[in-house]
Structure formats: structure tokens, C-alpha cells
1. Which one of T355, T302, T368 is out of contact with any Ser or Thr (no Cβ under 6 Å at 6 or more places or on another chain) and within 23 Å of V69 (Cβ to Cβ)?
2. Check D308 against each of (1) crowded, with 16+ Cβ neighbours inside 10 Å; (2) under 17 Å from the mean Cα position of the chain (by Cα); (3) within 29 Å of I66 (Cα to Cα) and name the one condition it does not meet.
3. Could you list, in sequence order, all residues of the stretch 365-419 that are charged (D, E, K, R) and under 24 Å from I348 (Cβ atoms)?
4. Scan the stretch 375-386 and report the pairs whose first residue is more than 16 Å from I365 (Cβ to Cβ) and whose second residue is loosely packed, with under 15 Cβ neighbours inside 10 Å, with Cβ atoms within less than 9 Å and a gap of 6+ or a chain change.
5. Suppose the filter is within 21 Å of Y282 (Cβ to Cβ), of a type in the set (D, E, K, R) and either at pLDDT below 90 or crowded, with 19+ Cβ neighbours inside 10 Å (or both); does K386 pass it?
6. Residues that are under 20 Å from P83 (Cβ atoms) and modelled with pLDDT under 90, at least 1 per element: which strands (runs of 3 or more DSSP E) completely within the stretch 280-331 meet that?
7. Just give me the residues in the stretch 90-135 being closer than 23 Å to N337 by Cα and without any contact (Cβ under 8 Å) to a residue 60 or more places away in the chain, in sequence order.
8. When you look at L290, is it aliphatic (A, V, I, L, M) and surrounded by 18 or more Cβ atoms within 10 Å (Cβ to Cβ), yes or no?
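The values are calculated or read from the model by the stated rules, or taken from the named source; none is laboratory data. Given the structure is predicted, the values throughout are model-derived calculations rather than measurements. Note: ideal-geometry Cβ built from the backbone for every residue, glycine included; neighbour counts use all protein chains shown.
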Amino acid sequence: MFDHLSQLFRPLTTFWQQNRRSPKTVPVIAVLVTALLLVIFKFSQPEPPVKEKEEKTWAVQTHQLIDGVKVPQLELYGQVESPYTATVTAIINADILSLDVKEGQVVNKDQLLIKLDELDAKLTLDQRASDVAELEASIESEKNRHKNDLSALKLEKSLVSLAKKKLSREEKTSKSNLTSQNSFDTQKQALQNQELALKARELSVKNHPARLAQLEAKLAHKRALLQQAERDLQRADVLAPFDGIVLSTSVSPGERVRPGEELLKLYSIDNVELRAQLPQKYVDTVKQALAREETLSAVVRTAHADVDVTLHRVSGAVSNTGIGVDALLEINSYDANLFVMGEVHEVILNLPAITDVYSIPVSSIYGTNRIYRVEKGRLAAINVEKLGVQIKGENQFILVRSDRLAPGDEIITTQLPHAMSGLKVDVRNATPAELDTPESVSQSGQR
């Protein structure tokens with residue numbers, strides 16, 4: 001090293017010896033020496049260690065895939081209605097004596113709802129009864145008349161026979177000029193009159209069945225009116241047609257009502273339904289399940305509690321919106337009191353179960369159909385087929401299928417801003433994954 005330094009300083013030594021008497025020699029040599037020393041120090045100092053750049057690791061939470069049968073669910077909104085909504089109307093002209101129920105009241109079958117004045121109905125009943133009695137008397141009179149006609153018919157025939165014999169004798173004597181022509185004509189006219197009387201009697205006997213049938217038809221009509229009057233009298237007490245709840249009342253005591261006038265409305269608590277619009281893509285699935293007599297249950301979320309209901313049938317026509325078919329869900333009679341006609345509730349309908357699918361949180365989905373699996377601390381993108389949803393409390397899960405998925409796979413639930421295959425991650429699960437219903441996940445930060 002000293003040899004190298006001596007070689008570097010040798011030109012300076014020569015320059016000093018040649019120009020040491022010059023006043024500019026010392027400053028120049030000082031500058032050169034300083035520059036030379038700086039170069040020496042620059043190349044002689046040790047190099048600092050280079051720190052390698054570390055790869056970023058992202059903290060994530062995961063959901064473990066669990067195999068098994070899954071039940072897809074469909075979120076709908078249904079309106080409460082009843083196919084057994086009755087509008088009770090007045091049958092007779094009457095005054096309202098009493099209104100025994102109020103709006104919203106629960107009533108039992110045959111319970112008194114409204115009391116009408118019976119006076120007009122009783123007068124009508126008496127009139128119908130008198131009409132029936134009159135016709136019954138007419139029929140009895142016709143039968144007696146027929147008996148008399150039968151007896152008189154024999155006499156009429158006998159009289160005609162006698163008249164014929166008398167005319168025959170008269171004709172013989174007339175030919176012998178023993179009687180006058182006038183006497184013969186008189187006898188002949190008597191025979192004709194007797195024959196006319198016989199024909200009239202025979203016609204009366206012949207028409208008896210028709211007259212009797214006519215009277216009996218009128219009697220049947222009057223008896224029907226009598227029965228109607230009896231029923232109208234009974235309907236003065238307006239009774240509940242079934243177990244139900246009163247929707248509204250339209251009259252009050254003291255009012256005069258006419259036949260057909262509305263009195264009140266009520267609906268059956270044994271026939272309360274929810275009408276919800278079923279999207280067109282699920283109509284075939286639901287119809288096939290009903291054809292197989294599968295029970296499709298549902299849950300109605302009310303302000304009080306969740307109520308279990310059953311899908312009863314599907315409407316035979318497209319709904320008014322034209323984008324689906326109405327599904328009709330049956331509500332149990334003991335839960336009917338929890339609902340009010342016309343109100344709308346959220347309905348979670350369970351569709352037919354499917355296999356070979358996995359349930360993952362919504363936050364696991366990237367884009368439209370991509371998820372990420374953790375493989376040896378790094379992400380691997382997998383495209384999946386979405387087959388439905390599941391709703392657990394306030395959380396929603398997606399049912400997916402892929403040949404690349406297997407039970408036990410760890411799928412990230414954290415939404416990373418730059419997720420891609422090969423990204424290094426660190427799994428930090430706050431709680432173990434639960435069977436099919438994991439806890440809602442929260443986003444994690446960068447480490």
C-alpha cells in the first residue's frame with residue numbers, strides 16, 4: 001500500500017523540487033494533496049450493508065368450506081290477504097236494532113253480529129202463509145170438483161142414451177105421420193144439447209190433471225216463497241259465517257237497510273295468506289317441488305317475532321307487474337292474530353335442497369364469480385358458479401359450486417384492494433368458522 005502511495009505522491013515531490021521557490025507552489029500542492037486524500041478516503045472506506053426489500057404480507061380472515069346438503073333461500077315481500085273475505089249484506093228491509101261487534105274484533109262461527117227488526121219479516125211471512133193456505137184450499141176444491149164430474153159423467157152418458165132412444169121413437173112415429181115435424185126437431189135438439197153437456201163434462205174430467213198440476217205448481221211457488229220468508233225472518237239475526245276477524249262495519253243502530261246493502265266485512269282466521277311475487281327464474285323450481293308434494297317452508301319476519309308459514313300454491317297467472325308469478329303462503333290459524341290485512345312483511349322462502357355446493361359469505365365474492373383460496377400462505381383465484389343464497393340473521397351467504405373446491409378449503413372473507421393470485425397473506429381468524437353459519441367478518445389491515 002505504501003508503494004502505491006509513494007507512486008501517487010512522486011509527481012508532487014518532483015513538482016515541489018522544481019518550483020519550491022515560487023509563491024504559488026504551496027497553495028497548488030495543498031489543493032492537490034487534499035483532492036488526492038479525498039479520493040483515497042472514498043475508495044478505502046468499507047461499503048455499507050444493503051438491506052433486502054421484504055415482500056408485503058396482507059392480514060386476512062378465512063372461512064372453511066364444509067360439505068353437505070344446502071337449502072337455498074329466497075327473500076320476498078308478501079302482502080297479507082284472505083280468500084275468505086266476506087261482505088255481509090242485508091237480506092230484508094229492516095231497522096238496525098243493535099250492532100254487537102266492532103272493527104278488529106275476533107268472532108266465532110254463528111256468533112250474533114247485528115240484530116235487525118223482525119216486524120216486516122213477520123208480516124211477509126204471514127202473507128206467504130196465507131197464500132199457501134189459499135192454494136191448498138183451491139186444490140182441495142179441484143179434487144172435489146173432479147169427483148163430482150166423474151159422478152155427473154155417468155148421468156150425462158145415461159141421459160144421452162135416453163135422448164137417443166127417445167129420438168129414435170120419435171123418428172119412427174114421424175115417418176108414420178103420427179107426430180109432427182116440430183116434435184121431431186124438438187127431440188133432436190134435446191139430444192144435441194145433451195151431447196154438448198156430455199162433451200163439456202168429459203172435457204172437464206180430461207182437464208182435471210192440468211188444472212191440478214197448475215194449482216200444485218202455484219202451491220210449490222208459494223211454499224218456496226213461504227220458506228224464503230221463514231229464512232228471511234231467521235236472517236234478522238245476522239250471524240258470523242265462520243271464525244274470523246271483523247274488518248269494518250258500515251251501519252249503526254237506528255239505520256234503515258234495504259236488501260243488498262252492506263252491513264260489515266270480516267275475514268276467516270283459518271284462511272289467512274301472504275301473497276308474494278315469485279321471480280320468473282324460480283317459478284319452474286317451485287312448481288316442480290309442489291308437484292313432488294315437497295313441503296316448502298318459509299319464515300315471515302314481523303315486528304313481534306318470526307312466524308313459520310308454508311308455501312301452499314302458485315298463482316295460475318302472471319302477476320300484474322308481468323315479471324313473475326304470485327306465490328301464496330298459508331298462515332296457521334293460531335298465528336292469524338299477528339297479522340293485519342294489507343300489511344307487507346319480509347318472507348324468507350326455503351327452496352328445494354341441493355348438494356355439492358358450499359356456503360360462503362358475500363364478502364368472499366370478488367367481481368361477479370371469483371373467490372380466493374389460501375394455498376401455502378398465498379392466494380389462488382377460483383371462478384365459481386353461484387346457485388343461490390342463504391340468509392342467516394342479518395348475514396347473507398352465497399351458495400357456490402366449482403370442481404376446484406373441496407371440503408376444508410380456506411376461502412378469504414376479507415376484501416383486499418389488490419387481490420390477485422400469488423399474493424402473500426397471513427390468516428388471522430378472530431373466531432373459528434362455524435358450521436355453515438360463520439360469524440360476520442370484518443376487514444383487516446396491512447401488516
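1. Values: T302 fails: within 23 Å of V69 (Cβ to Cβ); T368 fails: within 23 Å of V69 (Cβ to Cβ).
Of the residues listed, the single one that is out of contact with any Ser or Thr (no Cβ under 6 Å at 6 or more places or on another chain) and within 23 Å of V69 (Cβ to Cβ) is T355.
2. Result: D308 passes all but (1).
3. Narrowing the stretch 365-419 to residues charged (D, E, K, R): 370, 373, 375-376, 378, 385-386, 392, 394, 401, 403-404, 409-410.
Within the stretch 365-419, E385, K386, K392, E394, R401 meet the criteria.
4. Between residues of the stretch 375-386 that are more than 16 Å from I365 (Cβ to Cβ) and residues that are loosely packed, with under 15 Cβ neighbours inside 10 Å, the close pairs are G377/T57; G377/K424; G377/D426; G377/V427; R378/S421; R378/G422; R378/K424.
5. Values: within 21 Å of Y282 (Cβ to Cβ): yes; of a type in the set (D, E, K, R): yes; either at pLDDT below 90 or crowded, with 19+ Cβ neighbours inside 10 Å (or both): no.
No, not satisfied.
6. Values: elements: 297-301, 306-318, 324-331.
Where strands (runs of 3 or more DSSP E) fall fully within the stretch 280-331 and carry at least 1 residues being under 20 Å from P83 (Cβ atoms) and modelled with pLDDT under 90, they are 306-318, 324-331.
7. Across the stretch 90-135, the qualifying residue is only D100.
8. Numbers: aliphatic (A, V, I, L, M): yes; surrounded by 18 or more Cβ atoms within 10 Å (Cβ to Cβ): no.
For L290, the condition - aliphatic (A, V, I, L, M) and surrounded by 18 or more Cβ atoms within 10 Å (Cβ to Cβ) - is not met.
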